[in-house]
Amino acid sequence: MPALWGRTYTRAELMARVGDISQIGGVRSSRLDGGAGDGLPVVDVDTGSGFRFTVVPGRALDISGAWYKGVPLGFRTPTGDVQGARFEPADQGWLRSNVLGLLVTCGLDNIGNPGADESGPHGLHGRLSNLAASNVLAEGAWVGDEYELSVQGRVRQAALFAENLELKRRITTRLGSSELRLHDEVTNLGHRPEPMLIMYHMNTGYPIIDQGARLHVRSRSRRPWNEHSARTEAQWAEHAGPTAGWQPQVWVHDLEAAPDGTVHAALVNRAFVDGIGLEFVWNKRQLPYLNHWRQLGLGEYVTGIEPGNGTVLGRVQNRLDGTLPVLPPGATATFDLGIRVLDGAEAIDAAIARAGA
C-alpha cells in the first residue's frame, strides 16, 4: 500500500480522496523545447513521496534529473540535455553530449578509456547512451493496493558488418516509494560472438557529496586507474570540499558480496540537515567490478558509482586482462540494479549495515 504523509492507504482509501491519481504522482511524457536538447523525449516520474526523476527515451532510457523533497540527487554537466544525434564518437567526444545525471549507461562496445582494436576505434564509454529507444511504454497502474509506475523500451546498437545488440530496459517504482529498480536484458541478435561491455555510471552530486561525505562498501582490494589514483588510495572513501586543480581519481574495486551475490554501496552525508544519502544495490555475478570515480574539482564535483561487467580501463585493456565479456549469438545477459534514497540517520545506519562496511 502507498505510504504517504505518515500513513498507509489502500487503493479505495486513497481514490476516495482524489479525483485522479495525478493529483499525487504518476508518469508524464513530454519533449524538451529549445537548445541542444530540442525535441528530446523525456518521461517524468513522480512517486508522491518527494522522490521524482526523469527518464530519457531519447538517450537509451537513462535517468537525467532526480530529486528528493527538492534536494538534487545527481550531478549535471554544463552541456545540459543534448540530443543523441549530436554525439561525437571519437576519443573523448562523449563528454560533449552527456549531462551525466543520476544514471548514464556506458557500452555496449566500450566502457571507460578510448582505444582501437581489429573492429575499429572505440570512444570513451561507447555509443549506447546516445541512442534513442523504441517501443517505449510509460504508465502507471494499480496492482492490488500498490500503484506501480514504469518506463520501458528497447535500444538497438548495430551496424552492417559490426555488432547487432539490443538492450531491453524496464524501470519501475511505486507510489509512495523513494527507490527505483532497473532490469536490463542485452541480447546478441547477430550471428557471431560479440564483445559486450556495460557499465552503470551513477553520478552523485551536491549536497550528498560534500566535505565529510563517505562511501561505504566492503572493498577487498582496489586497482588504481593511474599513478595519481594509486598515490591517493588511502582516502578513497572520504570526500573533501570543492578543490581547485583537482585531478580525477578512479579505482576498480573487488567487493565482498553476500552468498547470493548481492552487493550494497551507500554514499552518505550525515551533516546535511538530518542526513541524506543514496544506496546502490546490484548483483556481483552480473556486474563483478565496481568502477569508482571521484572528481572533486570546482564546478566538477561528483562521485561516480559505476558497477560493470568489465573495468573502466577500456575495451583494449579488458581484452588484455582477460576480462572482456563475449556474448554468443542469440544469447541474453541480464542485469538488475536498485537505487534507494536514504533520508535521516536511521535509514543511513541501516544501509551501512547492509553494505557490511
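We did not get these values from a lab; they are worked out from the coordinates using the rules stated. It should be emphasised that the depicted structure is a prediction, and the values quoted were computed from it without experimental measurement. Heads up, the Cβs are rebuilt from the backbone with ideal geometry, glycines too, and the neighbour counts pull from every protein chain shown.
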Contour minus Cα-Cα span, HIS228 to ASP321, at 0.36 nm per residue, comes to 31.4 nm
Write down Rg/Rh for the stretch 9-101, rounded to two decimals, with Rg from the C-alpha atoms and Rh from the Kirkwood relation over Cα pairs. 1.10
What's the local net charge at MET196, with K and R +1, D and E -1, over the other residues with C-beta under 13 Å away? -2
Residues listed by number, the stretch 145-162, amide nitrogen under 18 Å from TRP5 label point at 7 Å toward C-beta: 147
Let me check against my output: what whole-number percent is the relative contact order of the chain, with C-alpha pairs under 8 Å and at least 6 apart? 16 percent
Charge dipole magnitude, Cβ of K and R +1, D and E -1 - the chain, Cα centre, debye nearest 20: 80 debye
Length released on extending from ASP44 to ARG220, taking residue separation times 0.36 nm less the Cα-Cα span: 59.5 nm
Note, VAL186: beta-carbon cut-off 14 Å, +1 each Lys/Arg, -1 each Asp/Glu, net -1
Once you place label points 7 Å from the Cα toward the Cβ at THR172 and ARG28, how far apart are they in nm? 2.5 nm
Relative packing of peptides 45-55, 248-258, 173-183, 219-229 - highest average C-beta neighbours within 10 Å first: 45-55, 173-183, 248-258, 219-229
Rounded to the nearest Å, what's the spacing between the alpha carbon centres of the stretch 147-206 and the stretch 208-230? Just the number, please. 26 Å
At q = 0.15 Å⁻¹, work out log10 I(q)/I(0) for the chain with the Debye formula, treating every Cα as an identical point scatterer and leaving solvent out; two decimals please. -1.39
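Report the net charge of residues surrounding GLY314, where surrounding means a beta-carbon distance below 11 angstrom and charges are Lys +1, Arg +1, Asp -1, Glu -1. Display every interim value, and only then the final one.
On the way: positive: ARG315, ARG319; negative: ASP109, ASP117, ASP321.
Once positives and negatives cancel, what remains is -1.
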Mean residue ellipticity (222 nm) of the chain, computed from DSSP H runs ≥ 4 via -39,500 (n - 2.57), nearest 500: -2000 deg cm²/dmol
To the nearest 0.05, how large is the calculated FRET efficiency for GLU238 and ASP91 if R₀ is 35 Å and r is the Cβ-Cβ distance? 0.65
Distance in Å, no decimals, from the C-alpha centre of the stretch 295-357 to the one of the stretch 97-141 is 15 Å
Suppose R0 equals 41 Å. What FRET efficiency, 1/(1 + (r/R0)^6) with r the Cβ-Cβ distance, do GLU256 and SER119 give to the nearest 0.05? 0.70
